[in-house]
Amino acid sequence: MEPRGVRLFLRVWSSLVVLFLYVPIGIIILYAFNPSSIQSWPIPSLSLKWFPVALHDPDVRSAVVLSLKTGVIATAVALVLGSAAAFAVHRFRFFGRETVSFILVLPIALPGIITGIALNSFFAFGGVNLSLWTIAIGHATFCIVVVYNNVIARLRRTSPSLFEASMDLGAHGWTVFRTVTFPLLSTALIAGALLAFALSFDEVVVTIFTAGAQNTLPLWIFGAIGRGQQLSEVNVVVFFVMCLTVVPITIAVRLAGGSGLTASRAAAAQEQVR
């Protein structure tokens, strides 16, 4: 057991790290309620003055719509390709399986600027105009990794006997998938989808190289901060973005920690097979 002094030091150090991470976020939240257009401290009072201004800004609205569309498309692509890749790598033994797994995970490990430049060069070489679809493809490259990791982790924690028992009881492929596989993976898929959407909604670097003249919400924030204008609106938008991303990430973490298929659900699945 560690000495009391060591435990005290670790507690203090952990508290300082948490403060270092979250105090700036708290300041941004407070600035969102600052009635003044000047970013000064202390804040004179709290007000909702800039909330209707930000909500009625047409540039903000179009950026939000584009970000939501991109997030939905990228998440859908990631769910299909990521879960299919996880099943293939987990279920089958073939030459280069570990290499395939490494290639699937690589996009999220690479710096975003490398992925962005590569995609931009690819689209330019193919004569593809930058649009919503190029942004979604760019986001899908790293969203697939999130879904893949969630699904393959759940498959590795699952005993193959569940699937074998269902097939021994006469279930065919679709029945096994409907009564055992999908209930088992449902929380992992939802968690992966929520995390993928949150990543897509906040992405900046890859979007710069794949968006062209369009602005997603992070690009609008980036541009407004760079110009030093509309900082009060930016604080309000950032506040809403944090709320929008914290909720799915929290739900995803809770779902990913679940067992996926409890004993009661397994029993119910076997009863359906019978």
| Across segment 39-60, what is the total count of residues that are assigned to a helix (DSSP H, G or I) and within 9 Å of Glu233 (Cβ to Cβ)? | 4
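Conditions (1) charged (D, E, K, R); (2) at pLDDT 85 or above, marked per residue:
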{"position": "Asn34", "(1), (2)": "no, no"}
{"position": "Lys69", "(1), (2)": "yes, yes"}
{"position": "Ile73", "(1), (2)": "no, yes"}
{"position": "Val105", "(1), (2)": "no, no"}
{"position": "Thr115", "(1), (2)": "no, yes"}
| task | Please list, ordered by first then second residue, the pairs with beta carbon atoms under 8 Å, 6 or more apart or interchain, first in segment 100-116 and open to solvent by 60 Å² or more (accessible area, probe 1.4 Å) and outside any helix (DSSP H, G or I), second aliphatic (A, V, I, L, M) and modelled with pLDDT of 85 or more. | result | Pro111/Val205
| field | Matching residues, segment 33-59, being in contact (Cβ under 8 Å) with a residue 12 or more places away in the chain, among the β-branched types (Val, Ile, Thr) and within 21 Å of Ala224 (Cα to Cα) | value | Val53
| request: Take Phe209 and decide whether it is part of a helix (DSSP H, G or I), farther than 26 Å from Ile108 by Cβ, hydrophobic (A, V, I, L, M, F, W, C) and open to solvent by 20 Å² or more (accessible area, probe 1.4 Å). | output: no
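Residue-wise test of (1) farther than 29 Å from Val237 by Cα; (2) out of contact with any helix residue (DSSP H, G or I) (no Cβ under 6 Å at 6 or more places or on another chain).
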position	(1), (2)
Thr75	no, no
Ala88	yes, yes
Arg93	yes, yes
Pro107	no, no
Ile114	no, yes
Asn120	no, no
| field | Condition check for Val64: buried (at least 19 other Cβ atoms within 10 Å of the Cβ) and in contact with an Asp or Glu (Cβ under 8 Å, 6 or more places away or on another chain) | value | no
| remark: Leu30: passes all of (1) surrounded by 14 or more Cβ atoms within 10 Å (Cβ to Cβ); (2) over 30 Å from Gln229 (Cα atoms) but (2)
| message | For the structure I just gave you, tell me whether Ala86 is open to solvent by less than 40 Å² (accessible area, probe 1.4 Å) and modelled with pLDDT of 90 or more. | response | no
| Given the residues Leu10, Leu81, Leu19, Leu30, which is the only one that is assigned to a helix (DSSP H, G or I) and within 22 Å of Ala198 (Cα to Cα)? | Leu81
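Check Glu233, Glu203 and return the single one that is open to solvent by less than 40 Å² (accessible area, probe 1.4 Å), closer than 27 Å to Thr134 by Cβ and at pLDDT 75 or above.
None of the other options fit; the residue is Glu203.
The values are calculated or read from the model by the stated rules, or taken from the named source; none is laboratory data. Just so we're clear, the structure is a prediction, and the values are computed from it rather than from any experiment. Note that each Cβ is placed from the backbone with ideal geometry, even for glycine, and that neighbours are counted across all protein chains shown. With ligands, DNA and RNA removed, areas are computed over all heavy atoms of the protein, side chains included. Shrake-Rupley method; radii C 1.70, N 1.55, O 1.52, S 1.80 Å.
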